[in-house]
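The values are calculated or read from the model by the stated rules, or taken from the named source; none is laboratory data. Quantities reported herein were computed from a predicted structural model and do not represent experimental measurements. Cβ placement follows ideal geometry from the backbone for every residue including glycine, while neighbour counts extend to all protein chains displayed.
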Amino acid sequence: MAEAPLVEAAGLAVRYGVGADAVTAVAGVDLAIARGEVLGLVGESGCGKSTLGRAILRLVPVHGGRVRFDGTDITDLPERALRPLRPRMQIVFQDPFAALNPRKTVGQAVGDPLHAVLGLDRTMAEMKVAALLARVGLLPEHAERLPHEFSGGQRQRIGIARALALDPDFIVCDEPVSALDVSVRAQVLNLLADIRAERGLAMLFISHDLSVVEHIADRVAVMYLGRIVESGPARDLFAGPRHPYTRALVASVPRIGATDDTAVPIEGDPPSPRSVPAGCRFRSRCPRALPCCAAAEPPLAVDGAGRLLACFNP
């Protein structure tokens, strides 16, 4: 019997605004993440990736569907009931500087959860902070410094140390390397991969950079305008993308010696979430659109290759 997923979303929906001004950022998403698995979530900016990650952590309100964490339905849990689960699910934000309090030292930023949640005394907390900083490649004396004294890559390492402080089972990495230089980006990615292997962490790794996701993810889910349009093992998806949107994204990744020039680039910008096209959401930009694509939205279903796909003409 297969083990139940650690994280599971079913029909998840998130809206911003009310009435005629409401915008649906996440429109009925289903996904599951196993223990120790890294699911890469990719798509163009504004497609709802970050909102989905925050909704799974209950950091934004959920307006439809369900979220389960380790077998517990957390969708409607009041904050008091959710609090015992909070240490087990953490987040690493895109902007490491904005995620840190500029008036708190690194030792305070990483150590506060140790006091508030674990009740560690000062000596034990300082030892734990020193160990966490060492694990992410920083020095113990860095605990006395303020965030502005560090580079972007160092600040992101601090953010990772803080996320690890309470020994979580699941981390949402929300574009964690997009603001970093290329050389630093590789270092932080390798750090995350090593920590994942050591601790058996499950991750939702959000990025618009497919080359980054290809490096770290076990499976990949492709998101377009609030919906998942394709999902499958990373190696299979990158080797043979099925959805026209996925194919265009994969073709846009620069590769040395690449010779495949058959992929048609994506034309234009994504439609506004306020005016989602009828039928398939991608049809207005799709080179393979058929008349039926305007009549109904294709369901996300298992195709002949065992991959989840939402397309009438893959």
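I want to confirm something. Restricting to region 39-57 and keeping residues that are touching a helix residue (DSSP H, G or I) at 6+ places or on another chain (Cβ under 6 Å) and modelled with pLDDT of 95 or more, which single residue is surrounded by the most Cβ atoms within 10 Å (Cβ to Cβ)?
Residues of region 39-57 touching a helix residue (DSSP H, G or I) at 6+ places or on another chain (Cβ under 6 Å): 40-43.
Retained after the next criterion (residues that are modelled with pLDDT of 95 or more): 40-42.
Numbers: Gly40: 25, Leu41: 29, Val42: 26.
Going through the qualifying residues, I end up with Leu41.
Just so you know, in region 242-251 the residues that are within 13 Å of Val42 (Cα to Cα) and more than 20 Å from the chain's Cα centre (by Cα) include one that is modelled with the highest pLDDT, and it is Arg247. Residues considered: Asp181, Asp174, Asp209, Asp194. Of these, the only one that is among the charged types (D, E, K, R), surrounded by fewer than 18 Cβ atoms within 10 Å (Cβ to Cβ) and under 13 Å from Val42 (Cα atoms) is Asp209.
Any chance region 60-81 includes a residue that's more than 15 Å from the chain's Cα centre (by Cα), among the aromatic types (Phe, Trp, Tyr) and either surrounded by fewer than 18 Cβ atoms within 10 Å (Cβ to Cβ) or over 27 Å from Val188 (Cβ atoms) (or both)? Within region 60-81, not a single residue is more than 15 Å from the chain's Cα centre (by Cα), among the aromatic types (Phe, Trp, Tyr) and either surrounded by fewer than 18 Cβ atoms within 10 Å (Cβ to Cβ) or over 27 Å from Val188 (Cβ atoms) (or both).
Mind listing whichever residues of region 118-130 are loosely packed, with under 13 Cβ neighbours inside 10 Å, in contact with a helix residue (DSSP H, G or I) (Cβ under 9 Å, 6 or more places away or on another chain) and either assigned to a helix (DSSP H, G or I) or at pLDDT below 90 (or both)?
Let us first name the residues in region 118-130 that are loosely packed, with under 13 Cβ neighbours inside 10 Å, namely 119, 121-123.
If we keep only those that are in contact with a helix residue (DSSP H, G or I) (Cβ under 9 Å, 6 or more places away or on another chain) as well, we get 121-122.
Residue satisfying the conditions is Arg122 alone.
Looking across region 16-38 at every residue that is on the phi > 0 side of the Ramachandran plot and assigned to a loop (DSSP other than H, G, I, E, B), the one that is modelled with the lowest pLDDT is identified as Gly17.
Given the criteria among the small types (Gly, Ala, Ser), at pLDDT 90 or above and exposed (fewer than 12 other Cβ atoms within 10 Å of the Cβ), does Ala289 qualify? Full working, then the answer.
Numbers: among the small types (Gly, Ala, Ser): yes; at pLDDT 90 or above: yes; exposed (fewer than 12 other Cβ atoms within 10 Å of the Cβ): no.
Taking the combined requirement at face value, the residue does not satisfy it.
For region 73-117, a residue qualifies if it is in contact with a Leu (Cβ under 7 Å, 6 or more places away or on another chain) and over 30 Å from His208 (Cα atoms), and the qualifying residues are Thr105, Pro113, Leu114, Val117. A single entry from Pro314, Pro254 fulfils the requirement of being modelled with pLDDT under 95 and surrounded by fewer than 18 Cβ atoms within 10 Å (Cβ to Cβ): Pro254.
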